[in-house]
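First the structure, in the form of C-alpha cells, and then the observations on it.
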Amino acid sequence: MEDELAVIECQRCPELCESRSRIVNGAGPNDADLLFVGEGPGEQEDSQGEPFVGRSGSVLDDALRNHGVDRRDVRITNCVRCRPPENRDPHKQELENCREYLEREIAAVDPEVIVTLGKVPSEHLLGRDVAVTKEAGELHEAKIGEGSWPLLVCVHPAATLYDSSQQETLDAALGEAVSLVDEEGGQSRLGEY
Ligand code: URA
C-alpha cells in the first residue's frame, strides 16, 4: 500500500541498493496509536514489499491477536527500508542514511506509543545500549528529531523462534503496549506517563 510517507527512490546505501529487490516502506494506518519499528526487511519482506510478512511477521500477528489487536490497525515499519545482504545487521551508516525517513514517518503518524522490536531499533531510537530481554516492557521517553514519544522496548519476534522462553517476554511487552493505548471501557494509562 502506497502512502505519502513512502520512499519511492533512494540510492543512499550502495550495498543495500545491490541487495534489495525493492524499497520496503511502512504499512498500516498513518494515524495509528501503535507504531512498531523493526530492524530491516528480510527475504519475504523484500519479495512482497511489506514489513513483517515472513516468519517473524506470523509471530507478531499471533501475539497481537492474543491481545485482541489486528495488524491492520497498527503501523509497522523498519529502521532501514532495504534488505541487507544475507540479512546482516544494518551498518551504522545505513541506519543514519535511512533515519530521515523513519523520523518523518514517526512525526507524521505521531503514535501514542512506539514499540521497538529488538536490539537494533531500541538502540537506534534510544541512542544508548539496550539489554532488550531485561528492558522488554519498559517505557521510556525517546527524543526523536524535533519531538519526543513514549517508547516501549520489546524483544524481536524472531527471538521466540530460537528461544521459546522469549514468547512470554514478547507477549507481556505487547500486552503492556496494547493496554497503554486501550481506551475502551477505561482510560489510556499514558496520562500517568
Ligand atoms: N525483521 C525485521 O526486523 N523487520 C521485518 O520487516 C522483518 C523481519
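Looking only at the stretch 131-174, how many residues end up being more than 15 Å from the ligand (Cβ to nearest atom) and out of contact with any Cys (no Cβ under 7 Å at 6 or more places or on another chain)?
Summing the residues that are more than 15 Å from the ligand (Cβ to nearest atom) and out of contact with any Cys (no Cβ under 7 Å at 6 or more places or on another chain) in the stretch 131-174 gives 28.
Within the stretch 41-64, which residues are among the charged types (D, E, K, R) and in contact with a Lys or Arg (Cβ under 8 Å, 6 or more places away or on another chain)?
Glu43, Glu45, Asp46, Asp61
Among the listed residues Val74, Val80, identify the single one that is buried (at least 20 other Cβ atoms within 10 Å of the Cβ), modelled with pLDDT of 95 or more and within 11 Å of the ligand (Cβ to nearest atom).
The conditions single out Val80.
Considering each of Val120, Val115 in turn, give the residue that is assigned to a strand (DSSP E or B), under 15 Å from the mean Cα position of the chain (by Cα) and not polar (S, T, N, Q).
Numbers: Val120 fails: assigned to a strand (DSSP E or B).
Every option except Val115 fails the conditions.
Out of everything in the stretch 5-54 that is within 25 Å of Ile144 (Cβ to Cβ), among the charged types (D, E, K, R) and within 10 Å of the ligand (Cβ to nearest atom), what residue ends up being nearest to the chain's Cα centre (by Cα)?
It comes out as Glu39.
Restricting the search to the stretch 123-141, which residues are within 16 Å of Gly38 (Cα to Cα) and either among the aromatic types (Phe, Trp, Tyr) or in contact with a Leu (Cβ under 8 Å, 6 or more places away or on another chain) (or both)?
Selection gives His124, Leu125, Leu126, Ala136, Gly137.
Output the number of the condition that Ser56 fails; it satisfies all remaining conditions of (1) of a type in the set (S, T, N, Q); (2) assigned to a helix (DSSP H, G or I); (3) in contact with a Phe, Trp or Tyr (Cβ under 9 Å, 6 or more places away or on another chain).
So Ser56 meets the others, but not (3).
Which of (1) in contact (Cβ under 8 Å) with a residue 60 or more places away in the chain; (2) within 12 Å of the ligand (Cβ to nearest atom) is the odd one out, the single condition Leu64 does not satisfy?
Among (1) in contact (Cβ under 8 Å) with a residue 60 or more places away in the chain; (2) within 12 Å of the ligand (Cβ to nearest atom), the lone unmet condition for Leu64 is (2).
When you go through (1) closer than 25 Å to Arg20 by Cβ; (2) away from the ligand (no atom under 16 Å from the Cβ) one by one for Gly57, which number turns out not to apply?
All conditions pass for Gly57, except number (2).
Is it true that Glu18 is part of a helix (DSSP H, G or I) and closer than 23 Å to Glu123 by Cβ? Walk me through how you get there before you give the answer.
Values: part of a helix (DSSP H, G or I): yes; closer than 23 Å to Glu123 by Cβ: no.
Answer is no for this residue.
Taking the stretch 126-159 only, how many residues are assigned to a helix (DSSP H, G or I) and acidic (Asp, Glu)?
Residues meeting the conditions: 1.
Please give the number of the condition Ile106 fails out of (1) assigned to a helix (DSSP H, G or I); (2) crowded, with 20+ Cβ neighbours inside 10 Å; (3) within 9 Å of the ligand (Cβ to nearest atom).
The number of the failed condition is (3).
List the residue pairs whose Cβ atoms are under 6 Å apart, where the first residue sits in the stretch 41-54 and is farther than 20 Å from Leu102 by Cβ, the second is of a type outside the set (Gly, Ala, Ser) and surrounded by fewer than 21 Cβ atoms within 10 Å (Cβ to Cβ), and the two are 6 or more positions apart or on different chains.
Going by the 6 Å Cβ cut-off, the qualifying pairs are Gly54/Gln44.
The values are calculated or read from the model by the stated rules, or taken from the named source; none is laboratory data. Remember, it's a predicted structure, so these values are computed and weren't measured experimentally. Reconstructed Cβ throughout: ideal geometry from the backbone, glycine too, with neighbour counts over all protein chains shown.
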